[in-house]
Amino acid sequence: MADFEIGDIVKGKKFGPLEHEFSGVVEKVYTNSIMVSIQDFDPSDKSGVNELNGRAVIRQKEAKMVKAVPREEKDDETAEDAKSSKKSPKKDDK
């Protein structure tokens, strides 16, 4: 399973009101699925895309990566710094 990020271009399988495959840009990444803004689709699916308001939530397993945005390498120290900054500060006793 590929790791998807916002901005990736993916291809999705037909489902629901769509009778053909489509492609689009990842708008949001969930645990096992992604929200895709549908950009390229078969003209016969125009009413289906309108019905979905131009977006689809699809399983990550069923999405195929077309073009990935540049990735930044995650550093272990950076991850630890992020965890420590999330801790709430201690309250002062007055």
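The values are calculated or read from the model by the stated rules, or taken from the named source; none is laboratory data. Bear in mind that the values here come from a model prediction, so they are computed numbers and not experimental data. Cβ placement follows ideal geometry from the backbone for every residue including glycine, while neighbour counts extend to all protein chains displayed.
Please go through region 16-33 and pick out each residue that is in a strand (DSSP E or B), under 9 Å from ALA56 (Cβ atoms) and among the hydrophobic types (A, V, I, L, M, F, W, C).
The one that is in a strand (DSSP E or B), under 9 Å from ALA56 (Cβ atoms) and among the hydrophobic types (A, V, I, L, M, F, W, C): PHE22.
For residues that are at pLDDT below 80 and part of a loop (DSSP other than H, G, I, E, B), scanning just region 60-80, find the one that is farthest from the chain's Cα centre (by Cα).
Across region 60-80, the extreme among qualifying residues is ASP75.
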